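Novice: Handing you a structure now.
The values are calculated or read from the model by the stated rules, or taken from the named source; none is laboratory data. Nothing here was measured: the structure is a model prediction, and the numbers come from that model. All Cβ positions, even for glycine, are placed from backbone atoms using ideal geometry, and neighbour counts span all protein chains on display. Just the protein is used for accessible areas: all its heavy atoms, side chains included, with ligands, DNA and RNA removed. Shrake-Rupley method; radii C 1.70, N 1.55, O 1.52, S 1.80 Å.
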Amino acid sequence: MEEKTIDENKQGEALILEAKKGNTRKLFIESYGCQMNFSDSEIVASILADQGFNTTTLLEEADLVLVNTCSIRDKAEQTVRKRLEKYNAVKKINPGMKVGVLGCMAERLKSKFLEEEKIVDMVVGPDAYKDLPNLLQEVEEGRDAVNVILSKDETYGDIAPVRLGGNGVTAFVSITRGCDNMCTFCVVPFTRGRERSRDPQSILEEVNDLAVKGYKEITLLGQNVDSYLWYGGGLKKDFKNASDIQKATATNFAQLLDMVATAHPGMRIRFSTSNPQDMTEDVLHSMAKHKNICNYIHLPVQSGSTRVLKEMNRQHTREEYMALIDKIREIIPDCGISQDIIAGFPTETEEDHLDTLSLMEYVKYDFGFMFVYSERPGTLAERKMEDDVPMEAKKRRLTEIIDLQQKHSAYRTKQFVGKTVEVLIEKESKKSDQYWSGRIPQNTVAVFPKENYKPGDLVMVKIEECTSTTLIGKAVGYS
Ligand code: SF4
């Protein structure tokens with residue numbers, strides 16, 4: 001039987017922690033990187049809840065400490081190594097605690113992690129979490145434990161996640177795992193394996209459960225959600241060998257969106273992350289058809305230069321990406337769009353950089369995630385290309401990209417001043433405990449005085465002013 005306790009995270013935000021009665025062991029789990037990792041940590045907490053663990057936010061009292069790691073950039077890995085040093089200090093006052101590393105860095109380093117970081121007892125890859133009870137057994141018997149086998153069919157669809165540190169209003173629901181795209185700069189295909197999709201029935205069951213628990217918004221998650229394809233299990237790449245009946249009854253992403261939106265008209269639906277080369281028009285029509293599918297798309301572009309996109313093995317040109325943006329604006333005129341951009345990819349010239357700036361000018365994104373190129377071990381770019389753009393040039397180009405994005409974000413938020421928009425209250429505003437904070441369908445943050453509203457309420461807010469990132473207004477009633 002589950003019970004809920006209220007606790008606080010580092011930011012002092014109220015955390016809803018699901019705990020199993022009778023469990024006495026304490027699990028401290030923290031996650032880094034993408035939303036997939038946070039969603040996976042909820043799967044891990046569920047698997048370990050069946051082994052007698054409840055989660056705690058106090059490192060000092062933990063029997064087991066797990067860190068779910070990211071490997072997307074070198075900086076992400078350095079962050080994890082710093083945390084392991086912290087665990088070292090805590091181990092002095094809590095010598096019985098066991099330490100495990102999960103996620104992409106665990107998959108990339110494998111047993112080398114044990115050699116490099118002596119505090120680590122267990123290394124578990126993203127597809128091996130069901131083996132945690134056995135691995136824990138090995139550790140408790142004094143042996144180090146490693147399982148980094150990538151799977152052809154694991155989707156954890158049969159595991160009900162234990163919600164961690166959420167606000168009780170929004171939740172992640174993973175729908176696919178792995179990626180087949182092999183972008184030359186990316187480690188994900190090596191750390192998360194080949195693409196496979198989850199049974200739509202198990203996705204619907206998880207959304208039903210969330211609806212019963214009072215959640216108001218879900219984000220359907222995958223490294224590449226647009227290439228979601230369920231045909232009875234197995235790898236996406238093997239679909240070509242599927243039987244005619246399997247092909248005829250397969251469910252693609254547009255159909256899954258339709259299914260979930262129809263089954264839960266009161267639930268807001270978002271999805272992430274999309275890949276321009278896999279996004280199809282029927283996905284846009286599913287979005288336009290259902291008011292509860294938020295009109296927002298995170299559409300990484302990485303570069304505005306067709307030559308650089310080719311070097312990145314992104315299967316589209318600048319022109320094709322812009323045509324997709326036109327199609328989005330045609331079918332969903334007020335759609336919010338955000339980006340990922342890499343500055344300073346190998347061989348990038350000043351001209352290529354200007355192509356990125358001019359593409360941004362064309363789209364005027366709502367916001368974005370922008371980084372300098374970070375060479376990742378084992379990727380094709382690391383093996384075949386020289387990281388030849390000087391750091392000084394990388395940083396200057398990144399600054400120009402961020403400055404332009406800031407200008408465009410301000411342009412986009414200004415569009416809402418004077419308008420009344422629907423906001424889902426998620427939590428207290430970081431800036432003032434007199435204000436609620438939430439997001440509009442376009443995913444932009446909005447804050448307004450609390451009055452008698454509460455988290456989980458869908459409220460109509462008249463926007464009076466804004467910054468480049470936040471809309472500020474006054475509630476005018478329930479949605
Ligand atoms: S689409 Fe490309 S960047 Fe995204 S996860 Fe797959 S390989 Fe990485």
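Novice: Counting only C-alpha contacts under 8 Å and six or more residues apart, can you give the relative contact order of region 13-147 as a whole percent?
Specialist: 21 percent
Novice: Do any GluC sites (Glu not before Pro) in region 399-479 lie in a loop, going by DSSP, with at most 14 other beta-carbon atoms within 10 Å of their beta carbon, and if so which?
Specialist: Here the sparse-neighbourhood loop sites are GLU451.
Novice: Rounded to the nearest 5, what % of DSSP beta bridges with both residues in the chain are antiparallel?
Specialist: Antiparallel bridges make up about 45 percent of those DSSP assigns within the chain.
Novice: What are the semi-axes of the equivalent ellipsoid of the chain, taken as the square roots of 5 times the eigenvalues of the Cα gyration tensor, listed largest first and rounded to whole Å?
Specialist: 33, 29, 24
Novice: Related question: Taking the Cβ of TYR87 as the center, what net charge do the other residues with Cβ under 15 Å away carry, scoring Lys and Arg +1 and Asp and Glu -1?
Specialist: Residues close to TYR87 contribute a combined charge of +1.
Novice: Same structure, new question: Net charge near SER409: determine it from the other residues with C-beta under 13 Å of the C-beta of SER409, scoring Lys and Arg +1 and Asp and Glu -1.
Specialist: +2
Novice: Positive end of the dipole of the chain, charges at C-beta (+1 Lys, Arg; -1 Asp, Glu), about the Cα centre: which of VAL372, THR251, LEU135 has its Cα farthest in that direction?
Specialist: Of VAL372, THR251, LEU135, it is VAL372.
Novice: Oh, and also: For THR55, THR249, THR79, give the ranking by accessible area with the largest first, probe 1.4 Å.
Specialist: THR249, THR79, THR55
Novice: Averaged per residue, what accessible surface does region 161-285 expose to a 1.4 Å probe, in Å²?
Specialist: Per-residue value: 34 Å².
Novice: Which value, in debye to the nearest 20, gives the size of the charge dipole of the chain about its Cα centre, when Lys and Arg are +1 and Asp and Glu are -1 at the Cβ?
Specialist: Dipole magnitude for the chain comes out near 600 debye.
Novice: Let me check against my output: what whole-number percent is the relative contact order of the chain, with C-alpha pairs under 8 Å and at least 6 apart?
Specialist: That works out to 9 percent.
Novice: Among the Cys residues of the chain, which have no other cysteine Cβ under 4.7 angstrom away?
Specialist: Lacking a cysteine Cβ partner under 4.7 Å: CYS34, CYS70, CYS104, CYS179, CYS294, CYS335, CYS466.
Novice: Just list whichever of LYS75/LYS112; LYS26/LYS152; LYS289/LYS427 have alpha carbons separated by over 23 Å in the model shown.
Specialist: The answer is LYS26/LYS152; LYS289/LYS427.
Novice: A further question on this structure: Sort region 13-147 into rounded, prolate or oblate with this rule: let a ≥ b ≥ c be the square roots of the eigenvalues of the Cα gyration tensor; rounded if a/c is under 1.5, and if a/c is not under 1.5, prolate when a/b is larger than b/c, oblate otherwise.
Specialist: It comes out rounded by the Cα gyration axes.
Novice: Now a separate question. Give the residue from VAL124, ILE472, CYS186 lying farthest towards the positive end of the charge dipole for the chain; charges sit on Cβ (+1 for Lys and Arg, -1 for Asp and Glu) and the dipole is referred to the Cα centre.
Specialist: Most positive-ward Cα: ILE472.
Novice: Add -39500 (n - 2.57) for each DSSP H run of 4 or more in the chain, then divide by its residues: what number comes out at 222 nm, to the nearest 500 deg cm²/dmol?
Specialist: Per the formula, -10000 deg cm²/dmol.
Novice: Still on this model: Taking square-rooted eigenvalues a ≥ b ≥ c of the alpha carbon gyration tensor, is region 140-277 rounded, prolate or oblate, where a/c under 1.5 means rounded and, failing that, a/b exceeding b/c means prolate?
Specialist: Judged from the Cα gyration tensor, region 140-277 comes out oblate (a/c at least 1.5, b/c at or above a/b).
Novice: How much accessible surface area, in Å² rounded to 10, belongs to the heavy atoms of TYR411 with a 1.4 Å probe?
Specialist: Counting only protein heavy atoms, the figure is 100 Å².
Novice: Subtracting the Cα-Cα distance from 0.36 nm times the residue separation, let me have the gained length for MET460 to ILE149 in nm, one decimal.
Specialist: Between MET460 and ILE149, full extension yields an extra 107.1 nm.
Novice: Something else now. So if each residue of separation counts as 0.36 nm, and I subtract the Cα-Cα distance between ILE402 and GLU319, what length gain in nm does that give?
Specialist: Computed gain between ILE402 and GLU319 is 27.6 nm.
Novice: Below 8 Å between Cα atoms, with a sequence gap of 6+, how large is the relative contact order for region 420-478 in percent?
Specialist: Taking the mean separation of contacting Cα pairs over the length of region 420-478, I get 33 percent.
Novice: ³J(HN,Hα) across region 284-290 via Karplus (A = 6.51, B = -1.76, C = 1.60, θ = phi - 60°), whole Hz, x for Gly/Pro?
Specialist: Each residue's phi maps through the Karplus curve to give 5, 5, 4, 5, 5, 6, 10 Hz.
Novice: OK, next. Roll a 1.4 Å probe over the protein heavy atoms and report the accessible area of LYS26 in Å², nearest 10.
Specialist: Answer for LYS26: close to 70 Å² accessible.
Novice: Another one. List the trypsin sites (Lys or Arg not before Pro) within region 284-318 that DSSP assigns to loop and that have no more than 14 neighbouring Cβ atoms inside 10 Å.
Specialist: For trypsin sites (Lys or Arg not before Pro) across region 284-318 that sit outside H, G, I, E and B with at most 14 neighbouring Cβ atoms in 10 Å, the list reads LYS291.
Novice: Label region 420-478 by shape, choosing from rounded, prolate and oblate, from the square roots a ≥ b ≥ c of the eigenvalues of the Cα gyration tensor; if a/c is under 1.5 it is rounded, and otherwise prolate applies when a/b is larger than b/c, oblate when it is not.
Specialist: Judged from the Cα gyration tensor, region 420-478 comes out rounded (a/c under 1.5).
Novice: How much of ASP238 can a 1.4 Å solvent probe reach, expressed as accessible area in Å² and rounded to 10?
Specialist: 50 Å²
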